[in-house]
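Input: a single structure, listed below in structure tokens.
Coordinate-derived values only; no laboratory data. Remember, predicted model here, so these are calculated numbers, not experimental data. All Cβ positions, even for glycine, are placed from backbone atoms using ideal geometry, and neighbour counts span all protein chains on display.
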Amino acid sequence: MRVLAVVHSPDAGPELFAEVLAEDEHELVEWNIAAQGSPPGGADAVMVFGGDQNVGEEVQYPWLHEEYDALRRWVDEGTPVLGICLGAETLAHAFGARVQPAEQELAGFYETELTAEGRDDPVLGVLPARFEAFNANAYTFAVPEPAVSLAVGPVPQAFRVGERAWGVQFHPEIRRDHVMRWFDERSPRPPAEIATELDEKLPQWQELGRKLCRAFLRVADARAVRGE
């Protein structure tokens, strides 16, 4: 399959997911929307990653409008979409939900629980009913009205729009080094504490991240096989 990865910042790309895609012999096409403009069509699946930008900063980052339009187009076309952190927030905004600063900036692992719908979901359902998810976000989304809530935690953690578009606030794609770069200049917690958590919990979290990625790819592959 051909998988399009929409990236917003050089330190917030596919990371672990790129490894999974290579292992499973899928084609990965990275698209820097800030530099390259509106994303192209023709992909079998789309992943939208995080970034320093936020919903509401469209004057500073006018390409956010192009991202909202692309997300609505992909959902209308039935293209499988997985939005992570900022990608989940832009997906929520594109379908009418409020995105705003969180009451508390999150940085680290947080208890997360699947909803009943999440346990039955073909993507989120591969995760345990309860797990600790790595978050790094100062903003949060409300679940859009046409969407289904799939996981909850200190903030809404996951939802699905229609049958094939998912948004997750947590980061299932992370590697240790690139995460620590996020906290080089500003951090809501001492970076040493975050590093200790990563050393303890990252291997298990990456195992779940791989499962989540492959579950999403199975949905996309099934659609591609059917020729939809």
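Report the extension gain between Glu19 and Glu163 in nm, rounded to one decimal, defined as 0.36 nm multiplied by the number of residues separating them, less their alpha carbon distance.
Taking 0.36 nm per residue and subtracting the Cα distance, the gain is 49.3 nm.
Just from the alpha-carbon atoms, what are the Rg and Dmax of region 149-228 in angstroms?
Rg, Dmax (Cα atoms, Å): 15.9, 49.
Once the piece of chain linking Val29 and Arg72 is laid out straight, how much longer is it, given 0.36 nm per residue of separation minus the C-alpha distance between them?
Stretched fully, the Val29-Arg72 segment lengthens by 13.5 nm.
Treating only the Cβ atoms of Lys and Arg (+1) and Asp and Glu (-1) as charged, compute the dipole magnitude of the chain about its Cα centre; round to the nearest 20 debye.
Roughly 420 debye for the chain.
Taking the number of other C-beta atoms within 10 Å as the exposure measure, put Val29, Val48 in order starting with the fewest. Before the final figure, lay out each step's value.
On the way: Val29 14, Val48 30.
Lowest to highest Cβ neighbour count: Val29, Val48.
Net charge near Ile33: determine it from the other residues with C-beta under 12 Å of the C-beta of Ile33, scoring Lys and Arg +1 and Asp and Glu -1.
Residues close to Ile33 contribute a combined charge of -4.
Give the percent of DSSP beta bridges with both residues in the chain that are antiparallel, rounded to the nearest 5.
Roughly 55 percent of the beta bridges in the chain run antiparallel, per DSSP.
Under the Kirkwood approximation for Rh and a Cα-based Rg, what ratio Rg/Rh is obtained for the chain?
Ratio of gyration radius to Kirkwood radius for the chain: 0.93.
With charges set only on the Cβ (+1 for Lys and Arg, -1 for Asp and Glu), what does the dipole of region 1-128 come to about its Cα centre, in debye to the nearest 20? Mind dumping the intermediate values first?
On the way: 5 positive and 25 negative charges, 72 e Å.
For region 1-128, the charge dipole is close to 340 debye.
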